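Take a look at the structure set out below.
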Amino acid sequence: MANTLTSSVAVFEDPGHVGSYWQLAHRRENSSVDITTTGTTIAAEETSTLRIIGDWDLYTYGIWTTTLYLEKKDAAGAWEVVRSWKSNDDRNVIANGTESEETEFRLRIIAGSADLASGGYYPRFILEAADSKIFGLVKINTVTSSTVADVTIVNPVQSVDATTLWTEGAFSAAKGFPRTVTGYGGRAWYAGTSAVGNGLWGSVSNDYNNFRRSTLDDSSLAFAPSAQERNEANWLASQGETLIMGTSGEEWTIHGDGKPITPTNFQIERQSKFGSAYLPAQLVDESIVFTQRGNRKMRRIAARSDADSWSAPDLTVLAEHVTVSGIIQTAFASNPHSILWCVTADGRLLGMTYETEQNVFGWHVHNTDGLIESVAVIYGGEVDEVWLTVLRSGRRTVERLDSAAFGRVFDAPESLIYVDGAKTYDSGSPVTSVTGLDHFDGKSVSILADGADYGLQTVVSGTVTISPAATKIIV
(Lines give C-alpha, C1' and ligand atoms only; values in the text may rest on other atoms or scores of the structure.)
Protein backbone atom coordinates (compact mmCIF):
# COMPACT_ATOMS: atom_id res chain seq x y z
CA MET A 1 0.00 0.00 0.00
CA ALA A 2 1.39 3.37 -1.05
CA ASN A 3 1.56 6.11 1.55
CA THR A 4 1.75 9.82 0.82
CA LEU A 5 3.28 12.55 2.96
CA THR A 6 1.92 16.01 2.17
CA SER A 7 3.22 19.36 3.37
CA SER A 8 1.32 22.64 3.42
CA VAL A 9 4.46 24.47 2.20
CA ALA A 10 7.25 23.64 -0.23
CA VAL A 11 9.72 21.53 1.74
CA PHE A 12 10.71 18.40 -0.21
CA GLU A 13 13.72 18.31 -2.52
CA ASP A 14 14.30 15.87 -5.35
CA PRO A 15 16.61 13.97 -5.19
CA GLY A 16 17.98 15.41 -1.93
CA HIS A 17 15.24 14.01 0.32
CA VAL A 18 14.97 10.58 -1.28
CA GLY A 19 15.93 8.10 1.45
CA SER A 20 15.53 10.66 4.26
CA TYR A 21 13.59 9.99 7.47
CA TRP A 22 10.87 12.19 8.98
CA GLN A 23 9.39 11.91 12.48
CA LEU A 24 5.72 12.81 12.88
CA ALA A 25 4.11 13.31 16.28
CA HIS A 26 0.42 13.49 17.17
CA ARG A 27 -1.31 14.16 20.43
CA ARG A 28 -2.67 10.95 21.83
CA GLU A 29 -6.23 10.05 21.03
CA ASN A 30 -6.15 7.93 24.17
CA SER A 31 -3.56 8.17 26.91
CA SER A 32 -5.03 5.30 28.93
CA VAL A 33 -6.93 2.03 28.74
CA ASP A 34 -9.09 0.62 31.51
CA ILE A 35 -11.37 -2.19 32.59
CA THR A 36 -14.40 -1.04 34.60
CA THR A 37 -16.60 -3.67 36.23
CA THR A 38 -20.34 -3.13 36.70
CA GLY A 39 -21.45 -5.88 39.04
CA THR A 40 -20.38 -8.47 41.55
CA THR A 41 -19.21 -10.83 38.81
CA ILE A 42 -15.99 -10.01 36.94
CA ALA A 43 -15.86 -11.45 33.44
CA ALA A 44 -12.60 -12.29 31.69
CA GLU A 45 -11.68 -9.21 29.68
CA GLU A 46 -8.82 -7.44 27.95
CA THR A 47 -8.31 -3.83 26.96
CA SER A 48 -7.43 -2.38 23.61
CA THR A 49 -3.78 -1.70 22.81
CA LEU A 50 -1.92 1.29 24.27
CA ARG A 51 1.34 2.40 22.63
CA ILE A 52 3.85 3.53 25.25
CA ILE A 53 7.30 5.04 25.18
CA GLY A 54 8.62 6.53 28.38
CA ASP A 55 6.85 6.28 31.73
CA TRP A 56 3.67 4.36 32.44
CA ASP A 57 1.49 4.03 35.55
CA LEU A 58 -0.99 1.34 36.60
CA TYR A 59 -3.71 1.75 39.23
CA THR A 60 -6.49 -0.46 40.58
CA TYR A 61 -9.52 0.55 42.64
CA GLY A 62 -12.26 -1.22 44.52
CA ILE A 63 -12.63 -4.62 46.18
CA TRP A 64 -11.88 -7.51 43.83
CA THR A 65 -10.95 -11.18 43.65
CA THR A 66 -9.23 -12.05 40.40
CA THR A 67 -5.83 -11.96 38.65
CA LEU A 68 -4.72 -8.88 36.70
CA TYR A 69 -2.11 -9.16 33.95
CA LEU A 70 0.00 -6.42 32.35
CA GLU A 71 1.03 -7.67 28.90
CA LYS A 72 3.14 -6.35 26.05
CA LYS A 73 3.51 -7.41 22.45
CA ASP A 74 6.81 -9.07 21.50
CA ALA A 75 8.69 -8.83 18.20
CA ALA A 76 6.69 -11.73 16.76
CA GLY A 77 3.38 -10.03 17.57
CA ALA A 78 2.46 -12.31 20.47
CA TRP A 79 1.41 -11.06 23.91
CA GLU A 80 3.68 -11.82 26.84
CA VAL A 81 3.05 -11.21 30.53
CA VAL A 82 5.15 -8.44 32.08
CA ARG A 83 3.59 -8.48 35.58
CA SER A 84 0.62 -10.05 37.29
CA TRP A 85 -1.23 -9.22 40.52
CA LYS A 86 -3.71 -11.31 42.55
CA SER A 87 -6.23 -10.15 45.10
CA ASN A 88 -8.78 -11.85 47.32
CA ASP A 89 -10.75 -8.79 48.35
CA ASP A 90 -7.60 -7.63 50.13
CA ARG A 91 -5.44 -5.28 48.00
CA ASN A 92 -5.13 -2.59 45.40
CA VAL A 93 -2.12 -1.96 43.18
CA ILE A 94 -0.02 1.03 42.20
CA ALA A 95 2.78 0.18 39.72
CA ASN A 96 4.92 2.05 37.21
CA GLY A 97 7.74 1.54 34.76
CA THR A 98 9.63 3.02 31.83
CA GLU A 99 9.97 1.84 28.24
CA SER A 100 12.98 3.02 26.20
CA GLU A 101 11.39 1.72 22.98
CA GLU A 102 7.82 2.23 21.89
CA THR A 103 5.90 -0.85 22.98
CA GLU A 104 2.27 -1.99 22.74
CA PHE A 105 0.68 -2.79 26.11
CA ARG A 106 -2.68 -4.02 27.32
CA LEU A 107 -4.43 -5.12 30.54
CA ARG A 108 -6.14 -8.49 30.93
CA ILE A 109 -8.14 -10.02 33.79
CA ILE A 110 -9.52 -13.48 34.37
CA ALA A 111 -12.98 -14.21 35.67
CA GLY A 112 -13.56 -13.36 39.33
CA SER A 113 -15.82 -11.50 41.69
CA ALA A 114 -16.22 -7.99 43.08
CA ASP A 115 -17.87 -6.21 46.00
CA LEU A 116 -19.37 -2.78 45.98
CA ALA A 117 -16.71 -0.51 47.43
CA SER A 118 -17.48 1.73 50.37
CA GLY A 119 -17.37 4.72 48.05
CA GLY A 120 -20.19 3.31 45.95
CA TYR A 121 -18.24 2.01 42.90
CA TYR A 122 -17.12 -1.32 41.55
CA PRO A 123 -13.47 -2.19 40.76
CA ARG A 124 -11.50 -0.44 37.99
CA PHE A 125 -8.12 -1.27 36.44
CA ILE A 126 -6.30 1.56 34.60
CA LEU A 127 -3.04 1.76 32.58
CA GLU A 128 -1.83 5.27 31.69
CA ALA A 129 0.94 6.56 29.42
CA ALA A 130 2.77 9.61 30.77
CA ASP A 131 3.82 11.02 27.38
CA SER A 132 1.04 12.94 25.71
CA LYS A 133 2.41 12.35 22.20
CA ILE A 134 2.93 9.35 19.95
CA PHE A 135 5.80 9.45 17.47
CA GLY A 136 5.71 7.87 14.02
CA LEU A 137 8.57 7.56 11.54
CA VAL A 138 8.46 7.51 7.73
CA LYS A 139 11.09 7.16 5.01
CA ILE A 140 10.76 9.00 1.72
CA ASN A 141 10.96 6.77 -1.36
CA THR A 142 10.25 9.30 -4.08
CA VAL A 143 9.53 13.03 -4.19
CA THR A 144 6.53 13.81 -6.37
CA SER A 145 6.67 17.57 -5.87
CA SER A 146 7.94 20.10 -3.34
CA THR A 147 4.87 19.37 -1.21
CA VAL A 148 4.20 15.66 -1.87
CA ALA A 149 6.35 12.58 -1.27
CA ASP A 150 5.71 8.83 -1.36
CA VAL A 151 6.83 7.22 1.90
CA THR A 152 7.25 3.93 3.71
CA ILE A 153 5.99 3.82 7.29
CA VAL A 154 8.83 2.67 9.53
CA ASN A 155 7.04 3.19 12.88
CA PRO A 156 3.24 3.56 12.85
CA VAL A 157 1.84 7.07 13.04
CA GLN A 158 -0.98 7.87 15.44
CA SER A 159 -3.20 9.59 12.89
CA VAL A 160 -3.44 10.71 9.26
CA ASP A 161 -4.51 14.16 10.46
CA ALA A 162 -2.25 17.15 9.86
CA THR A 163 0.31 17.90 12.55
CA THR A 164 2.75 20.69 13.30
CA LEU A 165 4.85 18.33 15.44
CA TRP A 166 7.31 17.00 12.89
CA THR A 167 11.08 16.73 12.56
CA GLU A 168 13.24 16.22 9.46
CA GLY A 169 16.06 13.71 9.81
CA ALA A 170 19.47 15.29 10.28
CA PHE A 171 21.25 13.11 7.69
CA SER A 172 20.29 13.13 4.01
CA ALA A 173 21.59 14.26 0.67
CA ALA A 174 19.74 17.53 1.26
CA LYS A 175 21.10 18.10 4.77
CA GLY A 176 24.45 16.41 4.29
CA PHE A 177 26.07 13.50 6.09
CA PRO A 178 28.39 13.50 9.13
CA ARG A 179 32.06 14.29 8.64
CA THR A 180 33.29 12.32 11.67
CA VAL A 181 32.18 9.64 14.14
CA THR A 182 33.34 8.10 17.42
CA GLY A 183 32.02 6.05 20.33
CA TYR A 184 31.60 7.54 23.80
CA GLY A 185 29.49 6.80 26.87
CA GLY A 186 27.67 3.87 25.27
CA ARG A 187 26.52 5.99 22.32
CA ALA A 188 27.59 6.47 18.72
CA TRP A 189 28.43 10.13 18.16
CA TYR A 190 28.37 11.88 14.79
CA ALA A 191 29.35 15.46 14.03
CA GLY A 192 29.31 17.95 11.19
CA THR A 193 26.92 18.08 8.25
CA SER A 194 26.63 20.65 5.48
CA ALA A 195 23.50 22.02 7.18
CA VAL A 196 24.95 22.16 10.72
CA GLY A 197 28.72 22.26 10.43
CA ASN A 198 29.45 21.89 14.15
CA GLY A 199 26.34 19.89 15.06
CA LEU A 200 26.58 16.83 17.33
CA TRP A 201 24.27 13.82 17.28
CA GLY A 202 24.33 10.99 19.82
CA SER A 203 22.48 7.70 19.43
CA VAL A 204 20.19 6.07 21.96
CA SER A 205 22.30 4.68 24.78
CA ASN A 206 23.70 1.24 23.86
CA ASP A 207 21.72 1.23 20.60
CA TYR A 208 24.05 2.70 17.98
CA ASN A 209 21.62 2.58 15.05
CA ASN A 210 18.74 4.17 16.94
CA PHE A 211 18.33 7.97 16.98
CA ARG A 212 14.78 8.10 18.26
CA ARG A 213 13.98 11.23 20.30
CA SER A 214 12.03 10.94 23.55
CA THR A 215 11.90 12.36 27.07
CA LEU A 216 14.06 9.54 28.48
CA ASP A 217 17.62 10.02 29.69
CA ASP A 218 18.90 7.33 27.34
CA SER A 219 17.22 8.79 24.25
CA SER A 220 19.17 10.20 21.34
CA LEU A 221 20.26 13.80 21.50
CA ALA A 222 21.35 16.61 19.21
CA PHE A 223 22.96 19.95 19.93
CA ALA A 224 25.59 22.37 18.70
CA PRO A 225 27.97 24.63 20.63
CA SER A 226 27.22 28.34 20.80
CA ALA A 227 30.20 29.29 18.66
CA GLN A 228 31.10 32.75 17.41
CA GLU A 229 32.03 31.34 14.00
CA ARG A 230 30.46 28.81 11.70
CA ASN A 231 33.18 26.16 11.80
CA GLU A 232 32.98 22.59 10.57
CA ALA A 233 33.55 19.61 12.85
CA ASN A 234 36.69 17.77 11.73
CA TRP A 235 37.19 15.09 14.37
CA LEU A 236 35.72 13.52 17.49
CA ALA A 237 37.61 11.68 20.22
CA SER A 238 36.89 10.49 23.75
CA GLN A 239 39.25 10.70 26.68
CA GLY A 240 38.20 9.61 30.16
CA GLU A 241 34.86 11.17 31.03
CA THR A 242 35.05 13.74 28.22
CA LEU A 243 34.06 13.83 24.57
CA ILE A 244 36.28 16.18 22.57
CA MET A 245 35.41 17.79 19.22
CA GLY A 246 37.83 19.61 16.97
CA THR A 247 36.41 22.07 14.46
CA SER A 248 38.15 24.15 11.83
CA GLY A 249 38.36 27.03 14.30
CA GLU A 250 38.06 25.70 17.87
CA GLU A 251 38.39 22.73 20.18
CA TRP A 252 35.46 21.81 22.45
CA THR A 253 34.84 19.44 25.35
CA ILE A 254 31.44 17.86 26.00
CA HIS A 255 30.54 16.14 29.26
CA GLY A 256 27.75 15.73 31.79
CA ASP A 257 27.57 17.67 35.02
CA GLY A 258 28.85 14.92 37.31
CA LYS A 259 26.69 12.34 35.52
CA PRO A 260 26.52 10.75 32.03
CA ILE A 261 25.43 12.98 29.18
CA THR A 262 21.66 13.05 28.69
CA PRO A 263 19.34 15.32 26.67
CA THR A 264 19.01 17.53 29.76
CA ASN A 265 22.48 17.11 31.33
CA PHE A 266 25.36 18.25 29.15
CA GLN A 267 27.98 20.97 29.11
CA ILE A 268 29.84 22.21 26.01
CA GLU A 269 32.96 24.24 26.70
CA ARG A 270 35.46 25.80 24.31
CA GLN A 271 39.00 24.91 25.41
CA SER A 272 41.19 26.44 22.69
CA LYS A 273 41.02 28.29 19.40
CA PHE A 274 43.76 26.80 17.28
CA GLY A 275 41.48 25.02 14.81
CA SER A 276 41.89 21.56 13.37
CA ALA A 277 42.65 20.09 9.97
CA TYR A 278 40.23 17.53 8.55
CA LEU A 279 42.18 14.55 9.91
CA PRO A 280 41.29 12.09 12.68
CA ALA A 281 42.77 12.86 16.09
CA GLN A 282 44.94 10.15 17.64
CA LEU A 283 44.98 8.90 21.22
CA VAL A 284 48.73 8.97 21.90
CA ASP A 285 49.32 7.26 25.24
CA GLU A 286 47.00 9.27 27.53
CA SER A 287 46.68 12.36 25.32
CA ILE A 288 44.64 13.37 22.29
CA VAL A 289 46.91 14.64 19.49
CA PHE A 290 45.43 16.52 16.53
CA THR A 291 46.67 18.26 13.40
CA GLN A 292 46.17 22.02 13.53
CA ARG A 293 44.43 23.91 10.74
CA GLY A 294 46.95 24.40 7.93
CA ASN A 295 48.41 20.89 8.45
CA ARG A 296 51.76 22.23 9.67
CA LYS A 297 51.52 21.65 13.43
CA MET A 298 50.60 18.80 15.76
CA ARG A 299 49.05 19.69 19.11
CA ARG A 300 48.30 17.71 22.25
CA ILE A 301 45.06 18.59 24.02
CA ALA A 302 44.70 17.51 27.64
CA ALA A 303 43.30 18.73 30.92
CA ARG A 304 45.71 20.70 33.07
CA SER A 305 46.54 18.96 36.32
CA ASP A 306 46.20 22.14 38.37
CA ALA A 307 43.11 23.75 36.84
CA ASP A 308 39.76 23.10 35.20
CA SER A 309 40.98 24.41 31.83
CA TRP A 310 42.70 22.42 29.11
CA SER A 311 45.94 23.09 27.23
CA ALA A 312 46.98 22.40 23.64
CA PRO A 313 50.78 22.80 23.34
CA ASP A 314 52.58 22.67 19.98
CA LEU A 315 54.47 19.37 19.49
CA THR A 316 56.31 20.59 16.38
CA VAL A 317 57.79 23.68 17.99
CA LEU A 318 61.35 22.26 17.78
CA ALA A 319 60.97 20.71 14.32
CA GLU A 320 58.78 23.03 12.26
CA HIS A 321 60.90 22.44 9.14
CA VAL A 322 59.90 18.77 8.79
CA THR A 323 56.18 19.53 8.27
CA VAL A 324 56.52 22.41 5.79
CA SER A 325 54.63 20.57 3.02
CA GLY A 326 51.78 19.66 5.39
CA ILE A 327 50.62 16.50 7.15
CA ILE A 328 48.00 14.51 5.27
CA GLN A 329 47.65 11.32 7.34
CA THR A 330 48.57 9.95 10.78
CA ALA A 331 48.71 6.60 12.57
CA PHE A 332 49.90 5.65 16.05
CA ALA A 333 51.99 2.68 17.19
CA SER A 334 52.51 2.03 20.91
CA ASN A 335 54.51 -1.22 20.96
CA PRO A 336 57.42 -1.39 21.57
CA HIS A 337 57.73 2.40 21.36
CA SER A 338 55.14 5.17 21.27
CA ILE A 339 55.52 6.67 17.80
CA LEU A 340 53.06 8.87 15.95
CA TRP A 341 53.62 8.28 12.23
CA CYS A 342 52.73 11.02 9.73
CA VAL A 343 52.68 11.17 5.95
CA THR A 344 53.41 14.56 4.38
CA ALA A 345 52.10 16.06 1.16
CA ASP A 346 55.55 15.77 -0.45
CA GLY A 347 55.61 12.00 0.12
CA ARG A 348 57.77 11.66 3.22
CA LEU A 349 57.23 9.56 6.32
CA LEU A 350 57.67 11.36 9.65
CA GLY A 351 57.77 9.81 13.07
CA MET A 352 57.33 11.47 16.44
CA THR A 353 58.59 9.34 19.30
CA TYR A 354 56.58 10.44 22.31
CA GLU A 355 56.96 9.37 25.92
CA THR A 356 54.21 11.08 27.89
CA GLU A 357 55.49 10.20 31.34
CA GLN A 358 58.87 11.80 30.62
CA ASN A 359 57.33 14.61 28.55
CA VAL A 360 59.86 13.76 25.84
CA PHE A 361 59.09 13.94 22.12
CA GLY A 362 61.41 13.84 19.14
CA TRP A 363 60.79 13.95 15.39
CA HIS A 364 62.56 11.81 12.79
CA VAL A 365 62.29 11.85 8.98
CA HIS A 366 62.20 8.71 6.81
CA ASN A 367 62.95 9.39 3.14
CA THR A 368 62.69 6.85 0.35
CA ASP A 369 63.10 6.63 -3.41
CA GLY A 370 59.52 7.48 -4.36
CA LEU A 371 56.50 8.97 -2.66
CA ILE A 372 54.93 7.56 0.50
CA GLU A 373 51.18 7.94 0.09
CA SER A 374 49.67 6.52 3.27
CA VAL A 375 50.47 4.82 6.56
CA ALA A 376 48.58 2.40 8.80
CA VAL A 377 49.37 0.57 12.03
CA ILE A 378 48.23 -3.01 12.67
CA TYR A 379 48.70 -4.77 15.98
CA GLY A 380 51.20 -7.58 15.53
CA GLY A 381 52.09 -10.52 17.72
CA GLU A 382 55.20 -8.98 19.28
CA VAL A 383 55.33 -5.42 17.90
CA ASP A 384 52.95 -3.05 16.16
CA GLU A 385 53.32 -3.35 12.39
CA VAL A 386 53.72 -0.18 10.31
CA TRP A 387 52.36 -0.54 6.76
CA LEU A 388 52.85 1.90 3.89
CA THR A 389 51.75 2.44 0.32
CA VAL A 390 54.59 3.79 -1.81
CA LEU A 391 54.60 5.13 -5.39
CA ARG A 392 57.85 4.61 -7.31
CA SER A 393 58.21 5.27 -11.05
CA GLY A 394 54.51 4.73 -11.68
CA ARG A 395 54.34 1.52 -9.58
CA ARG A 396 52.44 1.41 -6.32
CA THR A 397 53.58 -1.08 -3.69
CA VAL A 398 52.41 -2.07 -0.22
CA GLU A 399 55.32 -2.32 2.21
CA ARG A 400 55.82 -3.07 5.88
CA LEU A 401 58.59 -1.97 8.21
CA ASP A 402 60.61 -5.01 9.26
CA SER A 403 59.02 -6.14 12.54
CA ALA A 404 62.21 -7.85 13.76
CA ALA A 405 64.42 -4.81 13.17
CA PHE A 406 61.76 -2.48 14.50
CA GLY A 407 61.46 -4.61 17.61
CA ARG A 408 65.26 -4.65 18.01
CA VAL A 409 65.48 -8.44 17.74
CA PHE A 410 69.06 -9.05 16.56
CA ASP A 411 69.23 -12.85 16.87
CA ALA A 412 69.69 -13.23 13.10
CA PRO A 413 71.29 -9.99 11.77
CA GLU A 414 71.61 -11.46 8.29
CA SER A 415 67.78 -11.42 8.08
CA LEU A 416 67.19 -7.84 9.21
CA ILE A 417 65.84 -5.39 6.64
CA TYR A 418 67.18 -1.84 6.62
CA VAL A 419 66.27 -0.93 3.02
CA ASP A 420 63.00 0.12 1.36
CA GLY A 421 60.86 -2.11 -0.84
CA ALA A 422 63.06 -5.11 -0.03
CA LYS A 423 62.82 -8.46 -1.74
CA THR A 424 64.01 -11.43 0.35
CA TYR A 425 65.28 -14.79 -0.87
CA ASP A 426 65.55 -17.52 1.79
CA SER A 427 64.81 -20.99 0.40
CA GLY A 428 67.86 -22.78 1.79
CA SER A 429 69.64 -23.41 -1.56
CA PRO A 430 72.51 -21.14 -2.71
CA VAL A 431 71.63 -18.93 -5.71
CA THR A 432 73.47 -16.32 -7.75
CA SER A 433 70.46 -14.23 -8.84
CA VAL A 434 67.28 -12.77 -7.38
CA THR A 435 64.21 -12.12 -9.55
CA GLY A 436 60.88 -10.41 -8.92
CA LEU A 437 62.41 -6.94 -8.70
CA ASP A 438 60.34 -5.36 -11.47
CA HIS A 439 59.37 -2.49 -9.17
CA PHE A 440 63.10 -1.55 -9.10
CA ASP A 441 63.90 -1.75 -12.82
CA GLY A 442 66.73 0.66 -13.63
CA LYS A 443 67.35 1.57 -9.99
CA SER A 444 70.42 0.99 -7.84
CA VAL A 445 69.81 -1.42 -4.98
CA SER A 446 71.76 -2.52 -1.90
CA ILE A 447 72.36 -6.24 -1.44
CA LEU A 448 72.93 -8.11 1.83
CA ALA A 449 73.78 -11.80 1.24
CA ASP A 450 74.40 -14.17 4.15
CA GLY A 451 75.12 -11.13 6.29
CA ALA A 452 77.75 -9.66 3.91
CA ASP A 453 77.44 -6.34 2.05
CA TYR A 454 77.53 -7.05 -1.71
CA GLY A 455 77.48 -3.35 -2.62
CA LEU A 456 75.20 -1.62 -5.13
CA GLN A 457 73.82 -3.07 -8.37
CA THR A 458 71.38 -1.87 -11.00
CA VAL A 459 68.24 -3.93 -11.52
CA VAL A 460 67.80 -5.10 -15.13
CA SER A 461 64.54 -6.77 -16.20
CA GLY A 462 63.62 -7.34 -12.57
CA THR A 463 66.83 -9.29 -11.79
CA VAL A 464 70.19 -8.84 -10.05
CA THR A 465 73.11 -11.26 -10.16
CA ILE A 466 75.55 -11.85 -7.26
CA SER A 467 78.77 -13.75 -6.71
CA PRO A 468 79.49 -15.82 -4.79
CA ALA A 469 76.14 -17.61 -4.34
CA ALA A 470 74.25 -17.13 -1.09
CA THR A 471 71.30 -18.75 0.68
CA LYS A 472 69.83 -15.72 2.46
CA ILE A 473 69.64 -12.56 0.34
CA ILE A 474 67.99 -9.17 0.91
CA VAL A 475 67.84 -6.73 -2.05
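What the table below lists for this structure:
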{"quantity": "Size of electric dipole in segment 257-312: Cβ of Lys, Arg +1 and of Asp, Glu -1, about Cα centre, debye, nearest 20", "calculated": "420"}
{"quantity": "Area of residue 400 that stays accessible when all protein chains are in place (1.4 Å probe, Å², to 10)", "calculated": "120"}
{"quantity": "Radius of gyration and Dmax over the Cα atoms of segment 172-284, both given in Å", "calculated": "13.2, 37"}
{"quantity": "For segment 1-158, fraction of C-alpha pairs farther apart than 28 Å, in %", "calculated": "39"}
{"quantity": "Exposure ranking of 437, 401, 318 by accessible area [1.4 Å probe, largest first]", "calculated": "318, 401, 437"}
{"quantity": "Whole-Å semi-axes of segment 191-231's equivalent ellipsoid (Cα gyration tensor)", "calculated": "23, 11, 7"}
{"quantity": "Column: log10 I(q)/I(0), Debye, Cα scatterers of segment 315-368, q = 0.13, 0.14, 0.28 Å⁻¹", "calculated": "-0.29, -0.34, -1.19"}
{"quantity": "Positive dipole terminus of the chain, leading residue within 94, 20, 439 (C-beta point charges)", "calculated": "20"}
{"quantity": "Solvent-accessible area, 1.4 Å probe, carbon plus sulfur percent, for the chain", "calculated": "48"}
{"quantity": "Residue-normalised accessible area of segment 29-140, expressed per residue, 1.4 Å probe, Å²", "calculated": "49"}
{"quantity": "Which of 36, 103, 126, positive extreme of dipole for segment 34-133 (C-beta unit charges)", "calculated": "36"}
{"quantity": "Two-decimal log10 I(q)/I(0) for segment 1-52, as the Debye equation yields it once each C-alpha is a single scatterer, q = 0.18, 0.20, 0.21, 0.25 Å⁻¹", "calculated": "-0.83, -0.92, -0.97, -1.11"}
{"quantity": "Globularity index of segment 380-445, i.e. its alpha-carbon radius of gyration over 2.2 N^0.38 Å", "calculated": "1.26"}
{"quantity": "Cα centroid separation, segment 17-61 to segment 156-198 (Å)", "calculated": "28"}
{"quantity": "Ranked packing of 240-252, 269-281, 157-169, most packed first, by mean Cβ within 10 Å", "calculated": "240-252, 269-281, 157-169"}
{"quantity": "Cβ-placed point charges (K, R +1; D, E -1), dipole of the chain about Cα centre in debye, nearest 20", "calculated": "820"}
{"quantity": "Per-peptide average of other Cβ atoms within 10 Å, ordering 230-238, 373-381 highest first", "calculated": "230-238, 373-381"}
{"quantity": "Cα-based convex hull, segment 285-443, per residue volume (Å³, whole number)", "calculated": "137"}
{"quantity": "Spatially proximal aspartates and glutamates relative to residue 297 (Cα-Cα < 13 Å; intrachain offsets below 8 disregarded)", "calculated": "314, 320"}
{"quantity": "Whole-Å semi-axes of the chain's equivalent ellipsoid (Cα gyration tensor)", "calculated": "65, 26, 24"}
{"quantity": "Accessible area of segment 297-358 divided out per residue, in Å², using a probe of 1.4 angstrom", "calculated": "43"}
{"quantity": "Estimated [θ] at 222 nm from DSSP helical runs (n ≥ 4, -39500 (n - 2.57)) normalised by residues in the chain, nearest 500", "calculated": "0 deg cm²/dmol"}
{"quantity": "Mean separation of Cα contacts under 8 Å, 6 or more apart, over the residue count of the chain: relative contact order %", "calculated": "9"}
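The values are calculated or read from the model by the stated rules, or taken from the named source; none is laboratory data. Being a predicted model, the structure only gives us computed values, none of them experimental. Neighbour counts run over all protein chains shown; Cβ positions are idealised from the backbone, glycine included. All accessible areas refer to the heavy atoms of the entire protein, side chains included, with ligands and DNA or RNA removed. Shrake-Rupley method; radii C 1.70, N 1.55, O 1.52, S 1.80 Å.
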